[in-house]
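Below you'll find the structure, written out as structure tokens, and then a few comments.
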Ligand code: PLP
């Protein structure tokens, strides 16, 4: 059997990794400023993370959600305390798409409605509802297209007000749009959404799958605007590569037995990974590091590019200068530096939150030579 060919692959095969470095099959070392799509939060192969998973595997790796699992409670408690949402509940699943799918489903259950407002250029994943709320017709199959989604331009308050009717169950928005190329919702816009959703009996879902988990210097990007959305979705950095996702749910939203469910979500190994990630982020002050190193990167990039540098902390995007269309490719092939991209011409930096200042400075030095 061969693989179903849906990915365009870089000509690199990583076989080992440590911190912000990746080594390929030929022994070449790369600086990783992409983090496997914002997934590597505490760094590749962190010793404490490896140890936690190994130890857990020695005890029990998996059991379904039909039994007690204290690790889930420990993860929920630590996530609540560390993120500033101790009064919220946590539903555990396996990916970002699943987190959004469950948040949309929950909003629909609670309100008894099915219409959703999403943002133009949004990306929320590839399950049925999540992909329907994603503004990319190329990845929406006819099967997914039955959902009732209205797309509005982000940061346009008048357009939002026009779309928000009493039939709307949920509004979904990313903390910072990632796949679109790093675009931030304005503080006033988020505050308006929060207020109007509450007045309208609509649930606001903050998709923090990419922008959450300390990446922007706050635990969640939306915390820069002071709002408290009723549903927040997480994944990516949550497991540092171990598949895990979750929905943080406001206390007024009440569960009933069987309302949501999953076989693998919240399994023992995933929880061990998730707990280790939170402990490391906290003990090693990685959220603070993300802000510090990210601020320097943004400043240095602003000094060498005329186009604006977008984002916060270690979630950074900028348009590839027209004169250097192969910039990303050259950074990999000539300098062995991985960066991310967003179509059609954006370079995205989504490194580990533990990226050192020395590595950031090295990147800037090399970058300057490429755009001379
Ligand atoms: N939401 C956002 C904001 C994302 O960036 C992504 C993935 O890139 C997803 C959801 C989907 O996550 P997953 O690929 O884990 O399903």
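Could you compute the FRET efficiency for residue 362 and residue 54, with r as their C-beta to C-beta distance and R0 at 45 Å, rounded to 0.05? FRET efficiency, residue 362 to residue 54: 0.90.
Beta bridges per DSSP, both residues in the range 48-283: antiparallel share near 40 percent. Between the range 329-372 and the range 205-253, the C-alpha centres lie 26 angstrom from each other.
Counting neighbouring beta carbons within 10 Å and listing from fewest to most, the residues 160, 143 come out as 143, 160.
From least to most packed, judged by other beta carbons within 10 angstrom and beginning with the fewest, 372, 328, 48 follow the order 372, 48, 328. For the range 8-67, the spherically averaged projection of the C-alpha convex hull amounts to 6.3 nm².
Per-residue ellipticity at 222 nm from helix content only, as computed over the chain with -39500 (n - 2.57) for each DSSP H run of at least four residues, stands at -10500 deg cm²/dmol. Protection proxy ranking of 7-18, 347-358, by the mean of other Cβ atoms within 10 Å over each peptide's residues and highest first, is 347-358, 7-18.
The smallest convex shape that holds all Cα atoms of the range 48-283, its convex hull, gives 121 Å³ per residue. In terms of the mean number of neighbouring beta-carbon atoms within 10 Å, the peptides 268-280, 86-98 order highest first as 268-280, 86-98. Within the range 158-236, DSSP assigns beta bridges of which about 10% are antiparallel (rounded to the nearest 5).
Any read-out appearing in this document is the output of simple, stated calculations on the displayed coordinates, not a laboratory observation. All values reported here derive from a predicted model rather than from experimental measurement. A quick note on method: Cβ atoms are made from the backbone with ideal geometry, for glycine too, and the neighbour counts reach across all protein chains shown.
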